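These notes are about the structure you will find just below.
The values are calculated or read from the model by the stated rules, or taken from the named source; none is laboratory data. This one's a predicted model, so the numbers in the text were calculated from it and none came from an experiment. Cβ placement follows ideal geometry from the backbone for every residue including glycine, while neighbour counts extend to all protein chains displayed. The protein model used for the area step is the full one, side chains on, heavy atoms only, and it has no ligands, DNA or RNA in it. Shrake-Rupley method; radii C 1.70, N 1.55, O 1.52, S 1.80 Å.
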Amino acid sequence: MLCEGKNPSFAVLLCVNRDNPWLEKAIRSILEQDSPDFEFLIAANACTDELWEHLQTIAASDSRIRLFRSEVGQLAFNLNFLADQTRCDYLVRMDADDVSEPQRLRTLRFSLLREPVDVLGSAVILIDGDDREIGMMRLPETAANIKSAILSRTVFCHPAVALRRQFLLDMRGYLGGFLSEDTDLWMRAIRAGATMKNLPDPLLRYRIHENQSIASRQGYAEVASHWLRELLLAPSWYTFRGFTLALAKSLFSPMLPSVRRYRRSKV
């Protein structure tokens, strides 16, 4: 089995429901990793027959790819489904329009051998639709800084994280949100005392394009609902601040000045 031999073992999870100009580049960036021992699980969810046939053609060229087809379009459902299909130690996220740096898995494995945390992310390079670099997203690196920063900003770039599989199972997987399933998981992880960190090295090229749902009113509203749950479960000044900040964003503007700066520079 591909999950045997390397410690820790990796399963890369990618979900896709429509073709895009960067899909093959995203898949190739995983297959061309300089640490080649991993499983690559791809879920085609609520997709067309044409996309399914395209993925089958790609998968035929590499035995590490395992394809699954689902009629459910929600990302959280499909990530949970893929997590159940592997027995590898860590689940490495990947999106269908981003590009992994060739040393990504090697760097993650080296870090996890030294410090086997539950959630390991990294900084990311921001690129546009033509692969031009347009900025850098640096994220809080320590667990303490992640807990503090989540009140007001993104603390992990979701497609750049590696999750300990048993941790995700203990957390009962991804539970909520059509646009914020990752933020919901990070909140629950903080409450559970999970070990988390971000590496300063950029290991992913995160693509910015028109079809993304960044800073939408629905996303802010979902995050506010997650904070309300945290406030009710663990009332504190911390959870109250988180709820009020998220509620203000959802009520007053899905395009606050800080978000506009983020879209321009992604710093």
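Taken over the range 98-151, the criterion of being in contact with a Leu (Cβ under 8 Å, 6 or more places away or on another chain) and within 25 Å of Asp19 (Cβ to Cβ) is satisfied by Asp98, Val99, Ser100, Glu101, Arg104, Val124, Ile125, Glu133, Ile134. Within the range 151-173, does at least one residue satisfy the condition of being part of a strand (DSSP E or B), hydrophobic (A, V, I, L, M, F, W, C) and at pLDDT 95 or above? Yes. One residue alone among Glu4, Glu32 is surrounded by fewer than 16 Cβ atoms within 10 Å (Cβ to Cβ) and at pLDDT below 95, and that residue is Glu4.
Filter the range 171-200 for residues that are crowded, with 21+ Cβ neighbours inside 10 Å and free of Cβ contacts under 8 Å to residues at least 40 places away in the same chain; which is nearest to Val161 (Cα to Cα)? Ranking the qualifying residues of the range 171-200, first place goes to Asp182. Scanning the range 235-248 turns up no residue that is open to solvent by 20 Å² or more (accessible area, probe 1.4 Å), in a loop (DSSP other than H, G, I, E, B) and in contact with a helix residue (DSSP H, G or I) (Cβ under 8 Å, 6 or more places away or on another chain). Taken over the range 88-142, the criterion of being without any contact (Cβ under 8 Å) to a residue 40 or more places away in the chain and within 28 Å of Arg191 (Cα to Cα) is satisfied by Phe110, Arg114.
Quickly run through the range 7-29 and pick out the residues that are of a type in the set (S, T, N, Q), over 20 Å from Asp97 (Cβ atoms) and modelled with pLDDT of 95 or more.
From the range 7-29, those of a type in the set (S, T, N, Q) are 7, 9, 17, 20, 29; that's our starting set.
With the extra rule that they be over 20 Å from Asp97 (Cβ atoms), the set shrinks to 7, 9.
Ser9, the sole residue that qualifies.
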